[in-house]
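Trainee: Provided herewith is a single structure, encoded as structure tokens, for subsequent inquiry.
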Ligand SMILES: *Cc1c(COP(=O)(O)O)cnc(C)c1O
């Protein structure tokens, strides 16, 4: 927390705005719109997963549609496809960014069209804050006229070719869950390209109530709007977002130096200067032949020093719940998953904690 979160919450109590609307919700949305630029229109909701659910609804996804989703992600990207009664089709990653491979994306769209079932939407992710090759992905979606949802849940503060993540595609989503770069304890947002879409998102997020004095509904809506209390936390967090990005990037720089002289270990890094990652999480991969054992032993070794590290996201096409789903790729995400590890990356890591991690890592590899 930055400090001012409490002030905004107190204002909500003082004015009795204890509701899923109010000055903090409007203020947080305005702060995000100004931060993202690109004439963004933001609708705050109760979670990132809920934001994806609404995005799919706005995209017109219905029962039996197919939606193409990056396989290397957190389940919040893909579960809403099933909420819609639609079918997820998973797309592999490419080596440079660990994100959606434009090659396999195009192959999946082309094959869908040939079979008479053009995919209804694409969900592309910026994993661990690393921007995807979003211009190539956008160009493919435009070429075949497929709706693009940008999952920027992990990438607030990242940018690609100078444009902020959260402003690409037809709709973007953000998350303010407890583990994200800024948090409202739980929350999310839809970033829309125009006011009509924002209004539609808010309409759907507040039970799709028609304009009538009584409660009238012509379609099914959701109870997904963000609370005015939670939005107060968000307003305070916006004041420290740049600082959090700087701290995460400082952690990444520390790991870059730490692993620079450790043979066979590669820090997940920006491919070139077009990519600017918030480095939400710093991660490594082991390039040795017995990489899987080395990485798991490192995880357990760090655990013995009371240092938590975690495996990467397990690709969705390998999850028990998605067994049998269609998949386009060559198991690149799976290979990265089996040789990778997420390292302590919190915005509140201290110098002495970084030293402790450094000593443990050097001891392990010596
Ligand atoms: C966190 C996350 C989500 C979901 O956000 P919640 O706010 O936790 O529902 C979606 N996609 C990705 C990639 C995430 O990391």
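Taken together, the values in this text are just the output of simple stated rules run on the coordinates, not laboratory data. Quantities reported herein were computed from a predicted structural model and do not represent experimental measurements. In this analysis, Cβ positions are derived from the backbone assuming ideal geometry, glycine residues included, and neighbour counts consider all displayed protein chains.
Trainee: Mind running the shape call on the range 305-366? Use the C-alpha gyration tensor, a ≥ b ≥ c as the square roots of the eigenvalues: rounded below 1.5 for a/c, prolate if a/b tops b/c, oblate otherwise.
Mentor: Prolate, because a/c is 1.5 or more and a/b exceeds b/c.
Trainee: Let me ask something additional. Out of the DSSP beta bridges found with both residues in the chain, what percent are antiparallel (nearest 5)?
Mentor: Bridges in the chain that DSSP calls antiparallel: roughly 55 percent.
Trainee: Short version: what are the Cα gyration tensor semi-axes of the range 231-274, square root of 5 times each eigenvalue, largest first, in whole Å?
Mentor: Computed over the range 231-274, the values are 30, 12, 8 Å.
Trainee: Still on this model: log10 I(q)/I(0), Debye, Cα-only the range 1-152, no solvent, q = 0.15 Å⁻¹?
Mentor: -0.84
Trainee: Restricting to bridges with both residues inside the range 224-362, how much of the DSSP beta-bridge set is antiparallel, in percent to the nearest 5?
Mentor: Approximately 100 percent, going by the DSSP bridge assignments.
Trainee: While we're looking at this one, here's another question. Considering the Cα trace of the range 119-181, what is its radius of gyration and what is Dmax, both in angstroms?
Mentor: Considering the range 119-181 through its Cα atoms, Rg and Dmax are 11.4, 37 Å.
Trainee: In whole Å, largest first, what are the principal axis extents of the Cα atoms in the range 257-324?
Mentor: Sorted from largest, the Cα extents of the range 257-324 read 41, 37, 27 Å.
Trainee: Related question: For the range 65-191, restrict the atom set to alpha-carbon positions and state the Rg and Dmax in Å.
Mentor: Expressed in Å, the Cα Rg and Dmax of the range 65-191 come to 13.9, 45.
Trainee: Report the antiparallel proportion of the DSSP beta bridges in the range 37-176 as a percent, rounded to a multiple of 5.
Mentor: The antiparallel proportion sits near 15 percent.
Trainee: Okay, helix-only estimate at 222 nm for the chain: each DSSP H run of n ≥ 4 adds -39500 (n - 2.57), divide by all residues, round to 500 deg cm²/dmol; what do you get?
Mentor: Roughly -12000 deg cm²/dmol at 222 nm, from the helical runs in the chain.
Trainee: If you average 1/r across every pair of different Cα atoms in the range 169-264 and take the reciprocal, what Kirkwood value do you get, in Å?
Mentor: Kirkwood radius, the range 169-264: 16.5 Å.
Trainee: Sequence gap at least 6, Cα distance under 8 Å: using those rules, report the relative contact order of the range 184-231 to the nearest whole percent.
Mentor: 37 percent
Trainee: Next question. Using r as the Cβ-Cβ distance of residue 107 and residue 318, and R0 as 30 Å, what FRET efficiency do you calculate, to the nearest 0.05?
Mentor: FRET efficiency, residue 107 to residue 318: 0.95.
Trainee: Also, I was wondering about something else. Given contacts defined as C-alpha pairs under 8 Å and at least six residues apart, what's the relative contact order of the chain, whole-number percent?
Mentor: 22 percent
Trainee: So, one more: Find the relative contact order for the range 294-356 and round it to a whole percent, using C-alpha pairs within less than 8 Å whose residues are 6+ positions apart.
Mentor: Normalised by residue count, the contact order of the range 294-356 is 39 percent.
Trainee: May I pose another question? What number, in nm² with one decimal, is the all-direction average of the projected area of the convex hull of the alpha-carbon atoms of the range 62-119?
Mentor: Computing the convex hull of the Cα atoms and averaging its projections yields 3.8 nm².
Trainee: Along its principal axes, what span do the Cα atoms of the chain show, with the longest given first and each in whole Å?
Mentor: 73, 58, 36
Trainee: Here is a follow-up. With the radius of gyration and the Kirkwood radius both derived from the Cα set of the range 290-329, what is their ratio Rg to Rh?
Mentor: Reported Rg/Rh, Kirkwood definition of Rh: 1.17.
Trainee: Modelling each spin label as a point 7 Å along the Cα-to-Cβ direction, I'd like the residue 38/residue 352 distance in nm, to one decimal.
Mentor: For the pair residue 38/residue 352, the computed spacing is 4.2 nm.
Trainee: Convex hull volume of the Cα atoms in the range 31-73, per residue, in Å³?
Mentor: In the range 31-73, the Cα hull volume divided by residue count equals 120 Å³.
Trainee: Now, a different point. Eigenvalues of the Cα gyration tensor times 5, then square-rooted: what semi-axes does that give for the range 12-85, in whole angstrom, largest first?
Mentor: 29, 15, 11
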